[in-house]
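To keep things clear, I will list the structure first and then write my remarks on it.
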Amino acid sequence: METKIIWFGVILGLLTIFLRLFRPRIKSKKSEKFFSQVLDWIDTLFSAVILAALIMNFIIQAFKIPSGSMRPTLIEGDHLFVNKFIYGLRIPFTEIRIFPLQKVKRGEIIIFSCPPEALSPLEREKKVQKDFIKRCIGLPGDMVEIRNKKIYINGKLLDELHAYYNQEVVYPAPHFFPNSENYQKSWEEGKFAQMIGGTVRDNFGPVKVPQGYYLVLGDNRDSSFDSRFWGPLADKYLKGRALFLYWPIKRIKIIK
């Protein structure tokens, strides 16, 4: 969305330049008055677009929950604001962020650009761009393991308040990896996304989160396509932290 707004602003800017260059050729006073009004409207719209682009790219962005992977914390159709500067300001048209106020903390709900490993082959071919929202569970360097739906971080059971399970069935751990190194490599390369069903849903790891990456999960653990499947999330894909749910009115709240 931010990119489209920026391009719209560029087009308006070019149109403004063209109209100002063409203006001296107008001779009629009536045409001159009309032309001035049009130019004023374009200038106002251009200023508004630039302001909107700056806000959406650097400060606050509106986001709509697209699926049920974060239930019951966030449900389909919820509208929320995203704090885009807390993890650093993103340079337009790049994945580079500068001047971060803080690092990602465990338990925070983050919004990020969908990594290629999470896209289908057809979506990758069409260069589809979309955002995901998940909760950060594993930080760089953490050893993460899931045993029968229970999460262990560095060998200790994670005390979770937000995890939700809507299925009683527990899928066993896969046993077709020759060793832990092969398992780690396959996970980092996103190969688990190609597996059928919930092969690594309930019993996963242990894996070590690489430096510069995070392990993110949906709160709706039995119905979330997340880091268990498509691998660790690179820091460069971060867009911001979920801040405030503003619609529908009956669900207004600070997001935790």
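Anything in region 122-146 that is crowded, with 21+ Cβ neighbours inside 10 Å and not aliphatic (A, V, I, L, M)? List them, or say none. Before the answer, list the steps.
Initially, region 122-146 is screened for residues crowded, with 21+ Cβ neighbours inside 10 Å, giving 132-138, 144, 146.
Across region 122-146, the qualifying residues are PHE132, LYS134, ARG135, CYS136, GLY138.
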Failed criterion for TRP230 (all others in (1) over 20 Å from PRO121 (Cβ atoms); (2) at pLDDT 95 or above; (3) buried (at least 16 other Cβ atoms within 10 Å of the Cβ) hold): (1)
Residues satisfying the stated conditions in region 225-253, i.e. within 15 Å of GLU117 (Cα to Cα) and not in a strand (DSSP E or B): PHE225, ASP226, SER227, ARG228, PHE229, TRP230, GLY231, PRO232, ASP235, LYS236, TYR237
SER67 among the hydroxyl-bearing types (Ser, Thr, Tyr) and modelled with pLDDT under 90: no
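Filter region 143-186 for residues that are among the polar types (S, T, N, Q), more than 23 Å from TYR214 (Cβ to Cβ) and within 29 Å of the chain's Cα centre (by Cα) and give the result.
Looking only at region 143-186, we keep the residues that are among the polar types (S, T, N, Q), and these are 148, 154, 166-167, 179-180, 182, 184, 186.
Next, from what is left, pick out any that are more than 23 Å from TYR214 (Cβ to Cβ): 148, 166-167, 179.
Hits for region 143-186 are ASN148, ASN166, GLN167.
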Qualifying residue in region 112-122 (condition: at pLDDT below 90 and assigned to a helix (DSSP H, G or I)): yes
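In region 95-111, which residues are more than 28 Å from PHE192 (Cα to Cα), loosely packed, with under 12 Cβ neighbours inside 10 Å and at pLDDT below 90?
Initial filter on region 95-111 (more than 28 Å from PHE192 (Cα to Cα)): 97-102.
When the remaining residues are screened for being loosely packed, with under 12 Cβ neighbours inside 10 Å, the result is 98-99, 101-102.
Hits for region 95-111 are ILE98, PHE99, LEU101.
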Test: residue in region 178-189 that is under 30 Å from GLY88 (Cβ atoms), in contact (Cβ under 8 Å) with a residue 12 or more places away in the chain and not in a helix (DSSP H, G or I): yes
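The values are calculated or read from the model by the stated rules, or taken from the named source; none is laboratory data. What you see is a predicted model; the values in this text were computed from it and never measured. Here the Cβ is made from the backbone with ideal geometry for all residues, glycine too, and neighbour counts use every protein chain on show.
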